Every structure is written in structure tokens, then in C-alpha cells.
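Engineer: To start, I am sharing the structure in question, which I have written as C-alpha cells.
The values are calculated or read from the model by the stated rules, or taken from the named source; none is laboratory data. Quick caveat, the model's predicted, so the values are computed rather than measured. Glycine also receives a Cβ, built like all others from the backbone with ideal geometry; neighbour counts cover every protein chain displayed. In case anyone asks, the SASA skips ligands and DNA or RNA and just uses the protein heavy atoms, side chains included. Shrake-Rupley method; radii C 1.70, N 1.55, O 1.52, S 1.80 Å.
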Amino acid sequence: MTSAVAAPHLAVAQGANWTAIVLFGGFVLLTLAITAWASRRTRSASDFYAAGGGISGAQNGVAIAGDFMSAASFLGISALVYANGFDGLLYSIGFLVGWPIIMFLIAERLRNLGRYTLSDVVSYRLAETPVRCLTSISSLVVIAFYLIAQMVGAGQLIQLLFGLPYAYAEIIVGVLMILYVTLGGMLATTWVQIIKALLLLGGATLMAFLVLNRFGFSLPALFARAVSVHPKHLGILRPGALAKDPISAISLGVALMFGTGGLPHILMRFFTVRDAREARKSVLWATGLIGYFYVLTFIIGFGAIVLVSTDPAYVTPAHLLRGGNNMAAVFLAQAVGGDWLLGFISAVAFATILAVVSGLTLAGAAAVSHDLYARVLARGRSNEAGELRVSRYATVALGIVAILLGILFEKQNVAYMVGLAFAVAASANFPLVLLSMYWRGLTTRGALLGGWAGLVTAVVLTVLSPGIWVKVLGHPHAIFPYDSPALFSMPLAFLCCWLGSRLGSARDTNEAAAFDEQYVRSQTGIGAAGAEAH
Amino acid sequence: MMDPSAVAALRRDPDFIALARARSRIGWTLAGLMVVLYFGFVFLVALAPAVLATPVWGVITLGFPLGLLVIVAAVALTAIYVSVANARFDRMQRDIVKRCAPGAGVAPPDLSPAPGLAPYGERLA
């Protein structure tokens, strides 16, 4: 991602830059206006963390879909399809199948038990201080890796599209995100996400339509042409790298399927709706939209193989995509829709990063101000104004950290960062969320042992994996041979939760007794937060 | 926090037990189905890639329609859960809360129609 690569591209898209800049400027103005509106409605902690519980199921569903349709998945999956064809399908399906699991096992109970964060739910009947420390730290780790991936993606994209230096791009994203979150809280973050999700769905639909239009709406014709021009030929229609390393493929599957149920910024969205019924509705909307979107990324990826890889304006003489494979979808926009669509898709991609980063930062701020400050440090004795002040400091601090991490990790492979975020979420947060709601026998000791074991194992195994140990740290052989740790770290976390819980004590009997109250509330919603009228 | 005697009463209430059982049965069944479908696909990719490479529609191989099927199944199973929950669980839940925990203080918001709104059953329609 050096300027030497970017320069020839800029010659290609010079005329389109202004379209992108004007459209993106329009998006920023619109979202700042929404933030100003939201800031007048954001007074209480409930407003800040959960938009006062006043988001409808459909709105929340679109916002959740927006969180998932990040730049990493739009640009990343179409890039995977562009490079490998079929293998990209495993990622897109994996990102989707976590949603039914959330629906069947997590969403309703979570809504009935928590207020603002997943730590509320896990610490409901366990010793609050150590459990909240654990879950807020594991949430912050997940958020940090996810943030790095988005920030690095943002910097590379903006550098290429707008010709801005990488560091400036990081600062623009960081500053706008701090404005949205500190002033407008969850309400602004949600509406920014909704608008961007609709723009992205519209843009992707248009692109898929234009691609299919070129082939008389015949998928076999599109695929046949892709096979004939792609250097791997028929190889793009069957499992490739993933079939060569089955353990990594299965481990990745585990991380993607169960990691979704442990992502703090996603679970937080369930507290923005009125009740369990609306939570359910939001999952259905989200699943439908995300599924539709991933089908589109496939058509876009194959469209890019045919229309982008064959055009010398987009590829170098060595047949490499200018600016890297992540640009496949962006170039395709120009190929099928001209400079106007290029500008539109570029602006939407930038807006996407901004919206996702805002949601992540808000979840991180909640972990700091609600979990660590209000509940752990002040032990519930802080007042709401104090907590809100801390959450805004936390947002600014997280924004600055995100900018610095983005600059620090400029050369890093962002796919591993997202993979690590999902692996940690599946190994630390997901077992705790699930067991705390379903297993009467879970004790504080079990939760701490399992949670820390999952968190540490997931991070350590990732560092020892080929992606970091060999490619980043330059060692000749990986100590841990597989790309994703989840197949090992998640079962270990469950096992440690069970083991720790079996080493019982008198206090643990009380925790089991408290399960009854928690169970009744999770089933019926009696006593659930968020009953305030809005 | 709920009154412990109300909790104990609900835990023994046959309707509550029926609701909890029905919800947990459908939840775990559908979750199990999703896990089997997805990991069935992942195992095919990992262990039997040649099967997925069979052409079925022009050059398009079996892997693509199967993948699409997993995507459609994910959405369909989610829709099934929502329709069952809307049709049965909400009503069962409302009856239980009304009967067993009138003094619980906070009625769940979805169960207490605002003045002027049609009764709950009609709002569903």
C-alpha cells in the first residue's frame, strides 16, 4: 500500500475523485446534522448507551446489518472472491450463520437481563467486580482488534481514493467518530449506521444488477467468462486453500459462527430496542439483509474477475490489481457505472468505516465507563452525570488510541485482525454469555477460569500462528500450525468454566439459587430494563 | 430483584414450565440444525472438495447452490423461530405474567398495551 502503488491508480480515477469527495462531504454534513439532533435527545446514561431503548426492531435490524456490512466484509469478501472464487463463500456464510445462533439462544434472554453491556448479563448473579473486569477487558481486546482492522482499511482506502496521506485519513476518521459518539451517543451512532447500511445495500444492489445486465442475467454465462479469464480457471469454482488445510477451515468456521454471539458492539445493540419481542424482530431483519448482501458480494466478486482483471486500466502489467485486491469492488463500480458510481461507492465505503468505527468506540466507551468505572471502581456509587462524563473521556481516549493503532499497524494484514477479534469473542465472551444464562451450575470461579483461559489462549495461539509468527515476526516455522485458534480455545474455555464451577464452595450455592430469579426474568421479562416511555 | 416467593411460585407454575420447555426445545433444535447445516458444509469443503467441484448448471459447481442453500436456510430458520415466538410464546408469556406476578412492579413493556392501542392479540395481526 505504498504511494508508488497509489500513484498510477490516481491517474485512473482523477476525474472521479471530486464526485467521491462531494458525496462523502454530503454524507458527513448529513450525519453531523443527525448528531446535532441526537445530542439534544441524549441526556441520561440510558440515552447514551442504548438510545433510551427507543429504536424499533426494524431500525435496529438495519443498524446491526450495517455493523456487519463493514468495509472489511464489503471490500474484503469481494476481494477474496476476486482472488480465489469459491473460498470467499466460506467466509460470507460464516459471517451469516452466527445470527441464527444469536436468535435461538441469546437475543431474547440478553434483552431481558441486561441494560447496556454484555457484562451486565454475565455478572448478573456472579461476583460483580472480578467478572466485570474480565468481560470488559475481553470486550476491549475484541474491540481493539476490530478497530485496528477498520482503521487500517480506512487509511488505505482513503489514501487511494482521495489521494490523502495515510495519517490524515486516520485523523479524519478518528475525529469524526469522536464527534458522533461523544455528542450523539447511541442514537446518532445508530442513525449513521442505518443511513450508511441503506446506501451500501442500494449501491451493491445496483452494481450486481449492472454486472448481471452485461450477461443477459445469466449466472452460468458470468461464471463461464470468469473461468476463462481468471488465472486459476476452473480452480475458482471449487474449494482451494481451505481444502488443503481442513483444521484451519473448521477452526475458522467455529470462530465465525460463535464469535458473532460474543461481539460487544453487536450485543449492545439489543439494549436499544424496547423489549425481547423487538430484539427478535431486529435479528430477523439483520439476518435477511446480511444474507442478501453476501449474495451480492459474490456477484460483485465474479463481476470484478471478468470486468476489472481484464482491463489494463486497473491491473499492472504483472496482472496485479492496482492498490491491492481490496479495490476490486471499487474498480468494478467504475467499470459498470462510470465515474459517478465510482464516486458513490467510494463515499459509501468511507461512510461504512466511519459508522462501524463509531459503533465499536461506543461499545468500548461503555466497557470503560459503565463496567470498569461505574460498577467496578465506584462500585455503583457514582452518579449518572459522572458516568456520562467518564464515557465521553473514554470515547476521546479510544478515538486517539484508534488513530495511533491505525498508524502503527499500517502495514498489517487486516484479515488476521478481524479473524482474531472473532476468535477472542468466540473463546472468551461467547462461552460466558451462554453459560451464565443457561447453566445453573456456573460459578464465579468457573466464569473467571474459563473466560481468562479462552482469552489468553486465543490471543497467544494467534500470535504463534503462521499469520503473525511467520509473516509478521519473521520466524521460519509457526509454533501453532493453524490460522485460527477457535477450534481449540473455545472448547478449552467451556471446559475451564465447567472445571472451575465444579470446585465449589458455600458461596457458589447462593449463586445457583440466584439462577432461579435470573431464569424467570430471562424467560418472562419481568423486571427487565428499558420500560421507560420514549 | 423479584420477590423470592414469586420466583419460586413461577418456577413451579405449569404454564411457566411449559413456556420454558417449548422455547428451549425449539431454540436448541433450530440451533442444532443450523450447526449441522453449516459444519456439514464446512466439512464438505475441508474433506470432500471434489464433491463440491461437480458442475451442475453450466460451469457452476455444486458448491455454489449448496452454499446458497445454507444462506437461505439461515434466514428461513430465523423466520420460523420468529413466527413461532410471535404466535405462541408472547401470548403464553403475557398470561403467565398477568396471573403469577401482578405485584412484580414492572410489567414488561411489550405486554402492557399503551392506552388507545388495540388489545395485544389484535396488534399482532
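Engineer: Let's see if you can work this out: charge +1 on each Lys and Arg Cβ, -1 on each Asp and Glu Cβ, no other charges. What is the dipole magnitude of the range A:3-415 about its Cα centre, in debye to the nearest 20?
Structural biologist: With only Lys, Arg, Asp and Glu charged at Cβ, the dipole is about 660 debye.
Engineer: Based on the alpha-carbon set only, what is the convex hull volume of the range A:337-433 divided per residue, in Å³?
Structural biologist: About 153 Å³ per residue, rounded to a whole number.
Engineer: Turning to a different aspect of this structure: In square angstrom, what is the accessible area per residue of the range B:31-101 with a 1.4 angstrom probe?
Structural biologist: With the other protein chains kept in place, the range B:31-101 gives 43 Å² per residue.
Engineer: A further question follows. Students sometimes get this wrong: rank A:245, B:90 by accessible area, probe 1.4 Å, all chains present, largest first.
Structural biologist: Largest to smallest exposure gives the sequence A:245, B:90.
Engineer: For residue A:232, list the lysines whose Cα falls under 20 Å from its own Cα; do not include residues on the same chain fewer than 8 positions away.
Structural biologist: Correct list for residue A:232: A:244.
Engineer: Would you work out what percent of the accessible area of the protein assembly as shown, with all protein chains in place, is carbon or sulfur (probe 1.4 Å)?
Structural biologist: Carbon-and-sulfur percentage of accessible area, whole number: 68.
Engineer: Another question about this same structure. Å³ per residue of the Cα convex hull, for the range A:388-459?
Structural biologist: So the per-residue Cα hull volume is 116 Å³.
Engineer: Next question, about the same structure. Does anything in the range A:513-527 have its amide N under 14 Å from the 7 Å Cα→Cβ label point of residue B:8, and if so which residues?
Structural biologist: Under cut-off, by backbone N: A:513-514, A:516-517.
Engineer: Hey, another quick one. Excluding residues fewer than 8 places away in the same chain, name every one of the lysines whose C-alpha is closer than 21 Å to that of residue A:411.
Structural biologist: Of all the lysines, those that pass the test against residue A:411 - Cα under 21 Å, at least 8 places apart if same chain - are A:471.
Engineer: Using Cα atoms only, what is the angle between the long axis of helix A:486-502 and the major principal axis of chain A, expressed in degrees (0 to 90) to the nearest 10?
Structural biologist: Here the helix axis deviates by roughly 0 degrees.
Engineer: Now for a different question. Please work out how much length the chain gains when fully extended from residue A:129 to residue A:313, using 0.36 nm per residue of separation minus the C-alpha to C-alpha distance, in nm with one decimal.
Structural biologist: Between residue A:129 and residue A:313, full extension yields 60.4 nm more.
Engineer: Another question, if that's okay. Starting from the Kirkwood radius over alpha-carbon pairs of the range A:87-196, derive D by Stokes-Einstein at 20 °C in a medium of 1.002 mPa s and give it in µm² s⁻¹.
Structural biologist: Here the translational diffusion coefficient equals 125 µm²/s.
Engineer: Step by step: find N for chain A, compute 2.2 N^0.38 Å, then divide the Cα radius of gyration by it. What's the final number?
Structural biologist: Taking the Cα Rg and dividing by 2.2 N^0.38 Å, one obtains 0.95.
Engineer: Now for a different question. For chain A, take the longest principal axis of its alpha carbons; what is the angle in degrees between that and the long axis of helix A:71-84, to the nearest 10 within 0 to 90?
Structural biologist: The two axes meet at around 50 degrees.
Engineer: If you don't mind, another one. What are the residues of the range B:61-84 that lose 50 Å² or more of accessible area, with a 1.4 Å probe, going from their chain alone to all protein chains?
Structural biologist: Residues meeting the cut-off: B:64, B:71, B:75, B:78, B:81, B:82.
Engineer: Hey, what did chain A get for relative contact order, percent, Cα under 8 Å, at least 6 apart?
Structural biologist: Taking the mean separation of contacting Cα pairs over the length of chain A, I get 30 percent.
Engineer: How much accessible area per residue does chain A have, counting only protein heavy atoms and a probe of 1.4 Å, in square angstrom?
Structural biologist: Dividing the accessible area of chain A by its residue count gives 32 Å².
Engineer: Could you give the length gained on full extension between residue A:470 and residue A:205, defined as 0.36 nm per residue of separation minus the Cα-Cα distance, in nm?
Structural biologist: In short, 91.5 nm is gained.
Engineer: Using Cα atoms only, what is the angle between the long axis of helix A:246-259 and the major principal axis of chain A, expressed in degrees (0 to 90) to the nearest 10?
Structural biologist: 60 degrees
Engineer: Around residue B:56, which amide H atoms from residues at least 5 apart in sequence, or from another chain, sit under 5 Å from its own amide H, with H modelled in the peptide plane?
Structural biologist: Residues meeting the criterion, in which the H sits 1.01 Å from N, are B:61, B:62.
Engineer: Using 1/(1 + (r/R0)^6) with R0 = 41 angstrom and r between the beta carbons of residue A:509 and residue A:389, what's the FRET efficiency to the nearest 0.05?
Structural biologist: Plugging the Cβ-Cβ distance into 1/(1 + (r/R0)^6) gives 0.55.
Engineer: Here's a follow-up. Compute the projected area of the convex hull of the Cα atoms of the range A:439-531, averaged over all viewing directions, and report it in nm² to one decimal place.
Structural biologist: 8.5 nm²
Engineer: I've got another one for you. Leaving out ligands, DNA and RNA but keeping every protein chain, what accessible area does residue A:382 have, in Å² rounded to the nearest 10, with a 1.4 Å probe?
Structural biologist: Its heavy atoms expose roughly 30 Å² to the probe.
Engineer: Follow-up question, since we're still on this one. Enumerate the aspartates and glutamates that residue A:196 could reach by cross-link, defined here as Cα to Cα under 16 Å, with residues fewer than 8 away along the same chain left out.
Structural biologist: Straight-distance partners of residue A:196: A:67.
Engineer: State, as an integer percentage, the relative contact order of the range B:31-101 based on alpha-carbon contacts under 8 Å between residues 6 or more apart.
Structural biologist: Reported relative contact order: 23 percent.
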